[in-house]
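**Q** Handing you a structure now.
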Amino acid sequence: MTVYLRSLFSAVLFVLSFSAYAQNFSILGKVVDAENTPIELANVILLQGEEKEFLIGTSTDDNGYFNLVNLSQNTYYLKISFIGLEEFEQKIVLTGDLDLKTILLKEISESLDEVTIVAKKPTITRKPDRLVFNVENTALVEGSTLGVLKSTPGVIVSEQGINIKSAPAAIYINERRVQLTSDELMQLLESAPANSIKSIEVITNPPASYDADSGSVINIIMSKNLATGYRGSVQTNYTQGVFPRYNAGTSHYFKNNKVNLNLNYNYTNQKINRDQDDIVNFLENTNPNPNGEEIYEIDQIWKSNTNRNTWSETHNLNVNFDYFIDDKNTLSLTSTGLYMPYFKYRVKNETDKFDENGSFESSFKADNLSLDNKYNIGTDLVFRHNFDNNSNITFNGHFTIFDYERNQDVFQDEPGILNDSEFNTLANQDTKILTGQVDYSLPIEESSSFDTGVKYSNVNTESDIVRLNIINGNDVLDEDNSDAFKYNEKVLAVYANYSKSWDTWDLSLGVRTEQTNIEGTSISLNETNTQDYFNWFPNASLTHNISDDVSISANYKRSITRPSYTNLNPFTFFLNENTVVLGNPNLLPTYTDNYKISLDFLKNFTLSAYYTNYDGAIEELPRQNNETNVVAYTPTNLDKRVDYGFDLEFNYYPSNRFNIYAVSSTYNINEEVNFGNGFVELNQWSQLFILSSGLTLLKDNSLNVNATFWWLGRNLQNLQSVDDRLISTLSISKSLLKDKAVLSLSVDDIFNMQDYDVSINYLNQSSSRFIDSDNRFVKIGFSYKFGNTKLNTNERSTSAEERDRLKDLN
């Protein structure tokens, strides 16, 4: 009996050990397209036996790799698919670990009209350094690109720009920085249709391959043009705010075996309104108190109402051309141009003066009329070579030319004053940017990669301003307010980045070094400011998947923000004699250190804590001079700014027809600066709530509704207290004509709660203002696709980091 039991026990151990061994086989490979480009998120399915029963499925990673593990000895059928490409199927008799090397997905023939693309739900993918919002073939892409950003988790779109929380975001398209100023960027994204967007990447910890001043990045990924043929589209929309706005555009895509061409054109005609009410308490210094602190009392109160109107006509053109020399070499040309032949800016101001008791003393009116024109053209030439070991090298040359002119007339009338103020200014800015960049990427096995590169940039800008005072009908040169400014900047950067995934860990390490040489010269003042500095910018991301439902990640990044070229310009621009905008040639760059840890749990929740330190943050501060009664908006380096807080996020996408995203964020902002006449430290806890939801209706999924709401509590910005406000957007779209046309309707600022109050109260500064922007509007849009309408596109925009620092003369 004992012998029998021992034999039975040995047999069981043998079977178990054999089974354990048999379950340890794997199938791995890499999926690429006809250009040998890795395909991300291709579907990989393994079927079992001759009956082809489903066993396991996965998708390819960023580099096109997949790995199916814990397989036993058996006969399998491997299927790999990706939209727009032919499905790959292969029978496999597995007797051990199998490496399929590279798998090519071929293009589908041009008869794509039979393919039906089913609307999908937007999904969120979290990676160690970013959040990826997948929107391809969802209802969100039926509107504008700016509309998609408004619905992207973590992104705040307002009249001030595009932010990730309280920090400005650098905008990239297909990993290349957009080639426009801040205002031009907002206009371009508003006019550009979103039907070619694949995903939005919200990168809070950009790798070292991104420019060092990319503290936070929004990278818009465009779909690839995977099939040969032609397609086109036309779109137009009408927006009714305070005044009507018009936009129309067309896009065209063509591809064959050797050429890929993408052409986009947009025309915008608009008039934008903005009203602002200001109260400035001009103060006088009384005797200090026993503690030695300065005591200020109200001397005079100025109450102003300012109405700003801008009229503009803008032409945007984007061209992308790829020539596939052979299977390993590609030459690309990308150019983005903006031409604004007409821009009129009118400012009407009425100001009443009161004494300290509120009794009326006097008033004045000021009219400011500016006529501008500008063009902005940036071109990239890119050569890419793919090596046999799946590594690649890219050479990129970039050139930008930016030209801006402003003719300004200002008239200020104050009853009882004999000599009213009247003057004319002529301002010009001419900027040329030249950059060269080389990048090398090397995949290491299937789980790690190494990237390195070098970049050189040279920026030259020349500006001048001439003020002519109109005295008794004659033009008299005002030498004190006329100047010329030359600026030259050279930056040499080298970077390296390494990433690896193993078991339940993901790691990314990078470092970037930059040597910067700057020289700015004021011709009339005969002053030259130079800056030379060398810096290191490390970054790191680490993620550990504790279980299927729980993961933890940690991130760190150091970045730099250089002053805009116009902020360094020492010119003075007058809105009127008592409100001016000043440049600051002594500005220094801002260095930012960002730390963040996150916990993902229960599949739908993420809890994050972050800490961000800004050394020398650049902020435009309104500073009142109590002796001259002038308010000057001046870019200034703060001594210190610290942001920290906690975020709780909830994503729930139960079906293709419904999704919801919610955030609760509690954060603190602390700002410190020494103005020479006193030290200022302000601190404010704030609250942010976000709710975004999407709903698809009708049997054919042709009716889509999306709503987004942001509640921003009272917060601190630029040493100013900003009251709470509600940002709201509702959009509806309906597909027509067999999905070739889309009719859309959207409403912004539904509850009329997006305008806000701002107050200033520190040292000898005391003022408040209410800003009523033209952000409440209704938009109606229509788009129509023709040609081979099932094509996906390879639309993109390219740029250099230096272009984003261009700034209009205002």
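**Q** Could you work out how much longer the chain between LEU371 and GLU313 gets when fully extended? Use 0.36 nm per residue separation minus the Cα distance between them, nm to one decimal.
**A** 19.7 nm
**Q** Please determine, in degrees from 0 to 90 and to the nearest 10, the orientation of helix 182-191 with respect to the longest principal axis defined by the Cα atoms of the chain, where the helix direction is its Cα long axis.
**A** 50
**Q** Considering only HIS544, PHE534, TYR487, whose Cα is most displaced toward the positive end of the charge dipole of the stretch 445-559, charges sitting on Cβ of Lys, Arg (+1) and Asp, Glu (-1)?
**A** Farthest towards the positive end: HIS544.
**Q** At 0.36 nm per residue, and after removing the present C-alpha to C-alpha distance, how many nm does the segment from ASN407 to VAL259 gain when stretched out fully?
**A** Taking 0.36 nm per residue and subtracting the Cα distance, the gain is 48.8 nm.
**Q** Which log10 I(q)/I(0) values, to two decimals, does the stretch 402-480 give at q = 0.14, 0.19 Å⁻¹ under the Debye formula with one point per Cα?
**A** Cα-only, vacuum Debye calculation for the stretch 402-480: -0.69, -0.90.
**Q** State the three equivalent ellipsoid semi-axes of the stretch 558-628, derived from the C-alpha gyration tensor as the square roots of 5 times its eigenvalues, in descending order and whole Å.
**A** Largest first, the stretch 558-628 gives 39, 15, 11 Å.
**Q** Just going by the charge dipole of the chain, with Lys and Arg at +1 and Asp and Glu at -1 on Cβ, which of VAL93, ILE56, ILE465 is farthest out on the positive end?
**A** VAL93
**Q** Given the peptides 530-542, 332-344, arrange them by the average over their residues of other C-beta atoms within 10 Å, most packed first.
**A** Averaged packing, sorted descending, gives the order 332-344, 530-542.
**Q** With a point put 7 Å past each Cα toward its Cβ, work out how far SER72 is from ASP326 in nm, to one decimal.
**A** Going by the 7 Å Cα→Cβ label model, 4.8 nm.
**Q** Right, another one. If the convex hull of the alpha-carbon atoms of the stretch 517-649 is projected onto planes in all directions, what is the mean projected area in square nanometres?
**A** 11.6
**Q** Mind pulling the angle between the C-alpha long axis of helix 2-22 and the longest principal axis of the chain? Nearest 10 degrees, somewhere in 0 to 90.
**A** Result, in degrees: 50.
**Q** Additional query: How many nm is it between the label spots at LEU737 and PHE399, if each spot is 7 Å from the Cα in line with the beta carbon?
**A** Rounded to a tenth, the inter-label distance reads 4.1 nm.
**Q** Given bins 10 angstrom wide, list per bin the percent of all Cα-Cα distances in the stretch 663-727, short to long.
**A** Values per bin, smallest distances first: 18, 31, 21, 15, 9, 4, 1.
**Q** Then there is this: May I ask for the equivalent-ellipsoid semi-axes of the chain, computed as the square root of five times each C-alpha gyration tensor eigenvalue and listed largest first in whole Å?
**A** 53, 30, 27
**Q** Taking the Cα centre of the chain as the origin and placing charges on Cβ (Lys, Arg +1; Asp, Glu -1), which of PHE601, VAL217, THR152 is farthest toward the positive end of the dipole?
**A** PHE601
**Q** Kirkwood Rh over alpha-carbon pairs of the stretch 715-760, then Stokes-Einstein at 25 °C and 0.890 mPa s: what D in µm² s⁻¹, rounded to an integer?
**A** 183
**Q** For the stretch 596-694, compute Rh as the Kirkwood radius over C-alpha pairs and then the Stokes-Einstein diffusion coefficient at 25 °C and 0.890 mPa s; write the answer in µm²/s, rounded to an integer.
**A** This corresponds to a translational diffusion coefficient of 147 µm²/s.
**Q** Please give the peptides 272-281, 737-746 ranked by average Cβ packing (other Cβ atoms within 10 Å per residue), highest first, as a rough proxy for protection.
**A** The densest-packed peptide leads the list: 272-281, 737-746.
**Q** Dimensions of the stretch 529-586 along principal axes (Cα, Å, largest first)?
**A** For the stretch 529-586, the Cα extents along the three principal axes come out at 65, 31, 12 Å.
**Q** Evaluate Rg over Rh across the stretch 351-460, taking Cα atoms for both radii and Kirkwood's formula for Rh.
**A** Dividing the radius of gyration by the Kirkwood radius yields 1.42.
**Q** How large is the accessible surface of PHE679 in square angstrom, using a 1.4 angstrom probe and rounding to the nearest 10?
**A** Solvent-accessible area, nearest 10 Å²: 110 Å².
**Q** Length gain on complete extension for the stretch TYR533 to TYR296, per 0.36 nm per residue less the alpha carbon to alpha carbon distance?
**A** Extra length from TYR533 to TYR296 when fully extended: 81.2 nm.
**Q** Please report the accessible area of PHE395 (heavy atoms, 1.4 Å probe, ligands and nucleic acids excluded) in Å², nearest 10.
**A** 90
**Q** So, one more: Sort GLU527, GLU405 by accessible area with a 1.4 Å probe, largest first. Walk me through the intermediate numbers first.
**A** On the way: GLU527 95, GLU405 75 Å².
Sorted by accessible area, descending: GLU527, GLU405.
**Q** Shifting gears a bit: Packing-wise, with mean Cβ within 10 Å as the measure, how do 569-577, 581-589 rank, highest first?
**A** In decreasing order of mean packing, 569-577, 581-589 become 569-577, 581-589.
**Q** Please work out, to two decimal places, the log10 of the ratio I(q)/I(0) at q = 0.10, 0.12, 0.13, 0.18 Å⁻¹ from a Debye calculation in which every Cα of the stretch 276-424 carries one identical scatterer.
**A** Taken in order of the listed q values, log10 I(q)/I(0) reads -0.67, -0.76, -0.81, -1.08.
**Q** Only four residue types carry charge here, +1 at the Cβ of Lys and Arg and -1 at the Cβ of Asp and Glu. Report the dipole size of the chain about the Cα centre in Debye, rounded to the nearest 20. All intermediate terms of the calculation are to be shown ahead of the outcome.
**A** On the way: 66 positive and 106 negative charges, 713 e Å.
Rounded to the nearest 20 debye, it is 3420 debye.
The values are calculated or read from the model by the stated rules, or taken from the named source; none is laboratory data. In this text, all values refer to a predicted model and were calculated from it rather than measured experimentally. Neighbour counts are summed over all protein chains in view; Cβ atoms, including those assigned to glycine, are modelled from backbone coordinates with ideal geometry. Side chains included, ligands, DNA and RNA excluded: accessible areas come from the protein's heavy atoms. Shrake-Rupley method; radii C 1.70, N 1.55, O 1.52, S 1.80 Å.
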